[in-house]
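Visitor: Got a structure here, written out as structure tokens. Questions coming.
Nothing in this text is a laboratory measurement; each read-out follows from the coordinates by a stated rule. On a predicted model such as this, the values are computed, not experimentally measured, just so you know. Ideal geometry is used to build each Cβ from the backbone, glycine not excepted, and the neighbour counts take in all protein chains shown.
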Amino acid sequence: MNASDMVRAALSTKKRTQKELAEFMGWSQQNLSYRLKAGTLTFDELAKALSFAGYEVKMVEATGEELPELGNSSSPRLVQMVDGVTYDTSKAESLCSSRAETGDEFYMELFKDSSGAYFMAYFQLWEGGYNSISPMTKSASAKFWGRYSGLPVSEMK
């Protein structure tokens, strides 16, 4: 099944029309029809079209485990190079935080990036505060996880 077939099947199942989808996408009916016929939908367009019909696109391992959601932190984005490695909170999964309340102006947040590296982001949210990143070992990350996640270390990602 290709992307166009997926869109057609989703529309049919939900009893939605290509005209409605074209309007949702901000396209003419002719443009949508051509794109489906030619099979030229981008991944983002496919995801948007399927969301119109109430579906979402996910990556799932053969074991059934979902790909972790990266950039899931509600903290400000922080990018920093440490020892030649660039760490980016928007491209990593937030595992847990020491933040007790929304108004906390200083807290730490543990992240794991797609390469499996752990790092800590330190947030100082007052005027003139300095946010920074520090790489973490797995054992140090496990200690932080054990203290702030509320879950056993054996469940750390």
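Visitor: Just one of (1) 15.8, 50; (2) 14.8, 45; (3) 21.2, 58 is Rg and Dmax of the Cα atoms in Å calculated from these coordinates, so which is it?
Guide: Checked against the structure: label (3).
Visitor: Go through the range 1-93 and name the GluC sites (Glu not before Pro) that are in a DSSP coil and have 11 or fewer other Cβ atoms within 10 Å of their Cβ.
Guide: Sites meeting the loop and neighbour criteria: 56, 61, 65, 69.
Visitor: A further question on this structure: Under 5 Å between amide hydrogens, which residues at least 5 positions from residue 99 or on another chain qualify, with H placed 1.01 Å from N in the peptide plane?
Guide: Residues meeting the amide H criterion: 108.
Visitor: Moving to a separate point now. Placing +1 at every Lys and Arg Cβ and -1 at every Asp and Glu Cβ, with all other atoms neutral, what dipole size does the chain have around its Cα centre, in debye to the nearest 20?
Guide: Rounded to the nearest 20 debye, it is 620 debye.
Visitor: Can you count the Lys pairs in the chain whose Cα atoms are under 28 Å apart, with each pair 8 or more apart or on different chains?
Guide: 27
Visitor: Moving on. Over the range 1-82, what is the mean sequence separation of C-alpha contacts under 8 Å (at least six apart), divided by residue count, expressed as relative contact order in percent?
Guide: The value is 27 percent.
Visitor: Relative contact order, percent, of the range 17-153 when contacts are C-alpha pairs under 8 Å separated by at least 6 residues?
Guide: Values: 184 pairs, mean separation 18.5, N = 137.
In percent, rounded to a whole number, it is 13.
Visitor: At a threshold of 8 angstrom on Cα-Cα distance, excluding pairs fewer than six apart, so keeping six or more, what relative contact order does the range 1-46 reach in percent?
Guide: Rounded, it is 45 percent for the range 1-46.
Visitor: Could you give each residue of the range 120-125 its phi-based ³J(HN,Hα) in whole Hz, using Karplus coefficients 6.51, -1.76, 1.60 with θ = phi - 60°, and x for Gly or Pro?
Guide: Coupling constants for the range 120-125: 10, 9, 9, 10, 10, 8 Hz.
Visitor: Once fully extended, how much extra length lies between residue 55 and residue 115, figured as 0.36 nm per residue of separation less the alpha-carbon to alpha-carbon distance?
Guide: 18.7 nm
Visitor: Something else: Could you tell me which trypsin sites (Lys or Arg not before Pro) in the range 48-120 are loop residues by DSSP with no more than 11 other beta carbons within 10 angstrom of their beta carbon?
Guide: Answer by residue number: 58.
Visitor: Still on this model: Please turn the phi angles of the range 77-85 into ³J(HN,Hα) values with the Karplus equation 6.51 cos²θ - 1.76 cosθ + 1.60 (θ = phi - 60°), one per residue in order, whole Hz, x for glycine and proline.
Guide: Working through the residues one at a time gives 5, 9, 10, 8, 8, 10, 6, x, 10 Hz.
Visitor: Which whole-Hz couplings ³J(HN,Hα) result when phi for each residue of the range 141-148 is put into the Karplus expression 6.51 cos²θ - 1.76 cosθ + 1.60, θ = phi - 60°, listed in order with x for Gly and Pro?
Guide: 5, 5, 5, 4, 4, x, 7, 10
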